[in-house]
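What follows draws every value from the coordinates through simple rules; no lab data is involved. The structure presented is a predicted model; accordingly, all values stated were derived computationally and were not measured. Methodologically, a virtual Cβ is constructed for each residue, glycine included, from the backbone with ideal geometry; neighbour enumeration extends over all protein chains shown.
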Amino acid sequence: SRDTQRDMNQPHTRSRAYHLYLNGLYWGLYQTQERSEASFAESYFGGDTDDYDVIKVDIGDNFNLYEIEATDGNTASWEKIWTMCQSGFTTNTNYFKLLGLNVSGVRDTALPVMVDIDNLIDYMLVIFYGGNFDAPVTKFSGNSNPNNFYAIYDRTDKNQGYRFFAHDAEHSLLTDAVSPGIGIQENRVNLGTVQDMYVNRFQKFHPQWLHFRLVSNAEYRQRFADRVYKHFFNQGALTPDSCKARFKKTADEIDMAIIAESARWGDSKSNWARTKDDHWLPAVNQVLNDYMPYRSDIVLQQLIAESLYFTIQPPVFKQNGTRITDEKITISENYGMLLEHSNAAGEIFYTTNGTDPRTIGGGTAATAINAGNSKSISVTPGTILKSRVKNGSNWSALHEIYFDDSGLFTAFKVTELHYHPADQNGVDGKELEFIEFKNTGSKTIDISGVSITDGIQFTFPAGTTIAPGTFVVLASNAAEFAKIYGLQPHFVYTGSLSNGGEKVVLQTSSNQVVISFTYSDTIPWPVEADGDGYSLVSKEANPKSNPDSVTYWTVSKYTDGSPGVDDEMSVTANQEIAVAGNNQFDIYPNPASTSFYIDFDINSTEKVEVLLFDLNGRLLETLISETRPAGNHSIFLQPEKQPNAGIYIVALKTGKAVQTKKLIIQP
C-alpha cells in the first residue's frame, strides 16, 4: 500500500527489511517503517514540527476506544472538515471551500486548502484495490470504528490541505476469505450505500466518511473518475502489470532472507515448520497469479456501480497504429497522432493548451476542439493534450498526455555532487550525500517522470518543474541534511553514491538520456572530494560542457559544499582571481618555505584581504582580512596550515580590485 502511494506520485512512508540480532542472538527478519507524524512531515515537507496537525486513531488500552486523536498539533482543522461534512457537499459551496476555491471554482488565496483532493482519492483507491477491511474504517466493528490511518496538515501553508497515509495494511491482497473479509471480491467501495458505515460523532471521523460525503458532489465524482483512469489504465499504478511488478520487487528483496526467518520461527506457531518452498512462495504466487490479474477489473466494476467511474470510455491515442500508453513523451519536432474512441455514441473534445475540455457543471470549454469520432492531429513540443468523450451531458474520464520539449533539457545541468562526505558527529557520511541540478536556461523545465536510473534511484514526481536559474537538490537523508545546512532538500533518493566513483544516468520515461556522466575518486579528478569534506562542483555557474569530463568539475570552496546555490568556486573565487586592479604587490622570498612577506601600496584607507588558493582555484586560507590606511605596507605571513610543496596563487584584494601572483612553496 505504501509503495503504491509512492508509484501514484503521492507522499508515502518508507520501509527497510533487515536481520535483527539481540545480544548476538538471531531474532529473525524484521521491517522498520517511517511513522507519518510531525517529525516525518518536517523532514519531507519542511517547516517545523510545531506547524503540523497529525490525526490518527487511539485504539485504547484494551482495544476498546477507537477514537481519533492528534498525535501532534490539535484536531481543530480536522473538526472544521467534520463540520462541513455535516452540511454535505451536494452543491459546490462546501466542496469548493474545502479545496480553497471561490464560488466560481477558482483558487482564492485568502482561503486555506483543507484537503488535498487528489491525495484523498488516490488514498481511497489504494484501500479499494487492496480490499483493506481494517482501514481507515474497520470491518471488525461492523464499519463503525476508524482505524489505521494517518492524516497530516500544515497549519502554516494555505495551499496544502490534509494528506493521507496508508498504515498497517496486513488485511489486504487476500484471495481467499479471511473473516470478516470475503477475499478477492471484497468491496470497500460501497460503504455507506450498500454496506452500513456509521459515523455519528466527531471522535469517529475518518477519511472514508469524508469520501462518502463527497460522493454526492458531481465535480468530485468526475475528478474521482479522472484519477481512476490515470491509475487503472495504460501504464497506471493499479494496472495488473504495475501491481505485479511492484509486489514482486518487494518479495524478491527478502527472497533469501525468508529462509533465515523460517529457520528461526517457522515452527513456533504451528505443529510443522513453515518453509520458503512450502509456504512462503505459494503465498507470494497466490497474490501474483490469483489476485492481481483479476483485482483491477473487479474494483472497476465496483466503482462503476457507485458512479465513481463511467461506462463512457475516454479517447485513445495512437501513432502509426500503435496505442500510446505514456503520460509523457519527449519530442524535438512536431508529432503526428490519431485520436479516436470506441463508444457507441459520443464525440471527442480536446484542448492543446493544458485546460480541461469540460467546464465546471458539465459544459464544453470555449477552447475545446470537437474531433468527432476520430481525428489526426499534430502537436508541437511543450503541448499538453487533454481529451474527453462527451455523450449528451455525460463526459468520460480525462485522458491527457504531455509532449515534453527535448530541447529544454539542454539547460538542465548537474552542478554539484557530494558523493563521499566526511563522517560528522557520529553520523556516517553516507547519510550526508546530495546531488544538485540547475536550470541554466531562460524557460521553466518540466522534469516530471525524469529518473535517476544508474548510481542512485529516484523519479521526479508529476508536476515537478524547475524555474530558470533555480536548483533542485536530492539528498540521501533529509533529516541529517537539514541539520548540516538548515534547509530541506527538495527530494530524497534511495541507494547511495559510490565512494569510489560510478556512472550516474538521468533519463525520461521514454528512455531519452538527459544527463550521463561517470565520476572518479582518483587523479586527475579532484581527490579532495573523496572523504575530505569537499564536494564536486561545476567550474562554471552555468556549465555548457560535458559533465563526463574531469574539466567540467572542481571542488567546492568550503567543506560540506553549497547545495541550492552557486558555489563560490563556480562564481566568486574565479571572478576574484580574474578581476584587474591598479595596486601592485610583491611576494618575497619566492620560492618560500614556511613563510613569506607581501609588500603593497594603497591610495586610501580600505579593507585589505590576502587570500591563498591552490591551482584549481580552491580557497585554502584567508591570510589577512583587515582595514589598512593609505600608504606602503609590508606584512609577514605564515599560513596556519603548512602548504605542501607546489605552486599556489596569492590574491591581494583591495576594495573591488584583485591582483594575483604565483607562489612556489619549497619546504
Which of the listed residues, TYR66, PRO461, GLY321, is farthest toward the dipole's positive end in the chain, when Lys, Arg count +1 and Asp, Glu count -1 at the beta-carbon?
GLY321
Rounded, prolate or oblate for the stretch 518-571? Axes are the square roots of the Cα gyration tensor eigenvalues, ordered a ≥ b ≥ c, and the cut-off for rounded is a/c under 1.5.
oblate
Find how many whole Å separate the alpha carbon centroid of the stretch 128-157 from the alpha carbon centroid of the stretch 599-667.
65
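Could you list CYS85, CYS243 in order of exposure, starting from the residue whose Cβ has the fewest other Cβ atoms within 10 Å?
Numbers: CYS85 19, CYS243 24.
The order, fewest Cβ neighbours first, is CYS85, CYS243.
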Checking the cross-link filter: which lysines have an alpha carbon closer than 17 Å to that of LYS139, excluding same-chain neighbours under 8 positions apart?
LYS204
Pull out a ≥ b ≥ c, the square roots of the eigenvalues of the alpha-carbon gyration tensor of the stretch 316-397, then state rounded if a/c is under 1.5, prolate if not and a/b is larger than b/c, and oblate in the remaining case.
oblate
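Mean residue ellipticity at 222 nm from the helices of the chain, using -39,500 (n - 2.57) per DSSP H segment of n ≥ 4 over the full residue count, to the nearest 500 deg cm²/dmol? Present the calculation step by step, with values, prior to reporting the outcome.
Details: 13 runs with 128 residues, N = 667.
Only helices count here, giving -5500 deg cm²/dmol.
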With a cut-off of 8 Å between alpha carbons and a minimum separation of six or more residues, what is the relative contact order of the chain in percent?
8
Sort VAL565, VAL316, VAL513 so the one with the fewest other Cβ atoms within 10 Å of its own Cβ comes first.
VAL513, VAL565, VAL316
Compute the long axis of helix 218-232 from its Cα atoms, compare it with the longest principal axis of the Cα atoms of the chain, and write down the angle in degrees, 0 to 90, nearest 10.
70
Candidate values (1) 1.16; (2) 1.29; (3) 1.78, label of the one derived for Cα Rg over 2.2 N^0.38 Å:
(1)
Students often forget the sequence filter, so: which lysines lie under 19 Å Cα-Cα from LYS375 once same-chain residues fewer than 8 apart are removed?
LYS318, LYS386, LYS390
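How about the stretch 209-283: which chymotrypsin sites (Phe, Trp or Tyr not before Pro) there are in a DSSP loop, with at most 16 other Cβ atoms within 10 Å of their Cβ? Don't skip to the end; give the middle numbers.
Details: sites: TRP209, PHE212, TYR220, PHE224, TYR229, PHE232, PHE233, PHE247, TRP265, TRP272, TRP280; in loops: PHE233, TRP272.
Hits after loop and neighbour filter: TRP272.
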In degrees, nearest 10, range 0 to 90: what is the angle between the Cα axis of helix 240-253 and the longest Cα principal axis of the chain?
60
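When the dipole is taken about the Cα centre of the chain, and only Lys, Arg (+1) and Asp, Glu (-1) are charged at their Cβ, what size is it in debye, to the nearest 20?
Values: 55 positive and 79 negative charges, 384 e Å.
Value, rounded to 20: 1840 debye.
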Tally of Lys pairs whose C-alpha atoms are under 22 Å apart, taken over the stretch 407-570, 8 or more apart or cross-chain
19
Compute the long axis of helix 76-87 from its Cα atoms, compare it with the longest principal axis of the Cα atoms of the chain, and write down the angle in degrees, 0 to 90, nearest 10.
30
